[in-house]
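**Q** So that we are looking at the same thing, I have put the structure below in structure tokens.
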């Protein structure tokens, strides 16, 4: 089967990495289905952003609710503070309170389920282990482990045609991601990166800082979302 | 830390394997939290059964909705028929239409998230690779792969205290499971195994047949649920 006729499930969070990943998957000839997961995050902006990006890209989107009501993260529990003003060195050092327990494992397993159900051959996820907040589920070794789960634990896997887990951004800097995305026509003005859900990005959480650094290094003023 | 002070998350479906697993975990001194997942299965009976079992066991239960609306299985799509009257030999041969894509991976990842959030050290799951329907995510090699995901993809894992994934029934026959459960006082009359949601178990789906075989071999008339 040529890539052109293959389907892919693309995890779409509404941030710039996943938006770039969606456009990248499309550029590779896949027929993409975006999977947007409402995991009980503290604001709805990123879900709205994800929907807009999928619409702009012209690909169907599925919203799945997996509301992790048990907290354990500043992104799902409003009583915990989102760290702000951390230096890049601090980000590289430990796992911050915005870590959501097992989030990418939940995302990938739901994507695997959808992919098997619709007969897709690949899952794309915009994980990144370079300009990132220190989350363990963004590193290549983690994805290698998950690929083994897919080979052993799905029908497609044991029948010898395992889903591919594709992480096109994993070793790119934020600036490289943005440069790639510009070539692909990613509508960065629709993306939302800020961990908080204010009217405008806070500019000080890890995610805002990494985004700003990326745009600066990529040679363009940061795009500010204004929806 | 002695096992007696440790918490565990126990995946509870309402069937006899998971009920036995819950009572087993409790017998090992764990403070158990049952995790019941509504994945959009075709009937509510097993969720009601799971709640009753948790209550009888005296352990708190968390219900999580992950409604897999995309079908791909006779257990989540009413348009697909649940196979009935298959021989045990047929069950051993292939993956039936009741396979739910990536179900146990979704269950385990949600359990891992809850376990990290509440500070549990173990996850129990009643998977069984002996008297089973042929699902790939019930085999020991699959659990070994998932353990690696936990080591690499969770905060607890990378910090050197990975969650244990415990599958106490994986190599037991249904009869051995039932004999263990009887010693532990499992209320089998509250469990529900039938894939269909009729007033009474159908007696002919894989799950009913494996249950009946187990009770027969364990030396007792099958318990029929009548709630």
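**Q** If you scan the stretch B:60-75, which residues turn out to be surrounded by fewer than 17 Cβ atoms within 10 Å (Cβ to Cβ) and not in a loop (DSSP other than H, G, I, E, B)?
**A** Within the stretch B:60-75, B:63, B:65 qualify.
**Q** With the requirement that a residue be over 21 Å from the mean Cα position of the chain (by Cα), surrounded by fewer than 20 Cβ atoms within 10 Å (Cβ to Cβ) and touching a residue at least 40 places away in the same chain (Cβ under 8 Å), what does the stretch A:155-169 give you?
**A** Once the filter is applied, which keeps residues that are over 21 Å from the mean Cα position of the chain (by Cα), surrounded by fewer than 20 Cβ atoms within 10 Å (Cβ to Cβ) and touching a residue at least 40 places away in the same chain (Cβ under 8 Å), the stretch A:155-169 yields only A:161.
**Q** With the checklist (1) more than 23 Å from residue B:39 (Cβ to Cβ); (2) in contact (Cβ under 8 Å) with a residue 24 or more places away in the chain; (3) crowded, with 16+ Cβ neighbours inside 10 Å in hand, flag the one item residue A:140 doesn't pass.
**A** Just one mismatch for residue A:140, condition (3).
**Q** I'd like to verify a number: residues in the stretch B:121-134 that are surrounded by fewer than 24 Cβ atoms within 10 Å (Cβ to Cβ) and in a loop (DSSP other than H, G, I, E, B), how many?
**A** Initially, the stretch B:121-134 is screened for residues surrounded by fewer than 24 Cβ atoms within 10 Å (Cβ to Cβ), giving B:121-122, B:129-134.
Still in the list and also in a loop (DSSP other than H, G, I, E, B): B:121, B:129-134.
Qualifying residue count for the region: 7.
**Q** Moving to a separate point now. Checking the condition more than 14 Å from residue A:126 (Cα to Cα) and in contact with a helix residue (DSSP H, G or I) (Cβ under 9 Å, 6 or more places away or on another chain), which residue from A:27, A:13 passes?
**A** Selected residue: A:27, the only one of A:27, A:13 that is more than 14 Å from residue A:126 (Cα to Cα) and in contact with a helix residue (DSSP H, G or I) (Cβ under 9 Å, 6 or more places away or on another chain).
**Q** Still on this structure: What are the residues in the stretch A:86-109 that are touching a strand residue (DSSP E or B) at 6+ places or on another chain (Cβ under 9 Å) and more than 9 Å from chain B (Cβ to nearest Cβ), if any?
**A** Selection gives A:86, A:98.
**Q** Further question on the same structure: Sort through A:162, A:168 and tell me the only one that's more than 30 Å from residue A:195 (Cα to Cα) and either within 11 Å of chain B (Cβ to nearest Cβ) or part of a loop (DSSP other than H, G, I, E, B) (or both).
**A** Details: A:168 fails: more than 30 Å from residue A:195 (Cα to Cα).
Being more than 30 Å from residue A:195 (Cα to Cα) and either within 11 Å of chain B (Cβ to nearest Cβ) or part of a loop (DSSP other than H, G, I, E, B) (or both) holds for just one of A:162, A:168, which is A:162.
**Q** In addition: Mind telling me which of the residues A:152, A:56, A:78 ends up being without any contact (Cβ under 8 Å) to a residue 40 or more places away in the chain and part of a helix (DSSP H, G or I)? Lay out the reasoning, then the answer.
**A** Working: A:56 fails: without any contact (Cβ under 8 Å) to a residue 40 or more places away in the chain; A:78 fails: part of a helix (DSSP H, G or I).
That would be A:152, the only listed residue that is without any contact (Cβ under 8 Å) to a residue 40 or more places away in the chain and part of a helix (DSSP H, G or I).
**Q** In addition: Say whether the condition of being within 22 Å of residue B:184 (Cβ to Cβ) and surrounded by fewer than 18 Cβ atoms within 10 Å (Cβ to Cβ) is met by at least one residue in the stretch B:9-27.
**A** yes
**Q** With respect to residue B:33, is the statement that it is touching a strand residue (DSSP E or B) at 6+ places or on another chain (Cβ under 7 Å) and assigned to a helix (DSSP H, G or I) true? Steps first, answer last, please.
**A** Values: touching a strand residue (DSSP E or B) at 6+ places or on another chain (Cβ under 7 Å): yes; assigned to a helix (DSSP H, G or I): no.
The answer is no for residue B:33.
**Q** Name every residue in the stretch A:93-118 that is in contact (Cβ under 8 Å) with a residue 40 or more places away in the chain, part of a loop (DSSP other than H, G, I, E, B) and within 19 Å of the chain's Cα centre (by Cα), in order of residue number.
**A** A:95, A:96, A:98, A:100
Just so you know, all these numbers are worked out from the coordinates, no wet-lab data involved. Quick caveat: nothing in here was measured; it's all calculated off a predicted structure. Glycine gets a Cβ as well: all are built from the backbone with ideal geometry, and neighbour counts include every protein chain shown.
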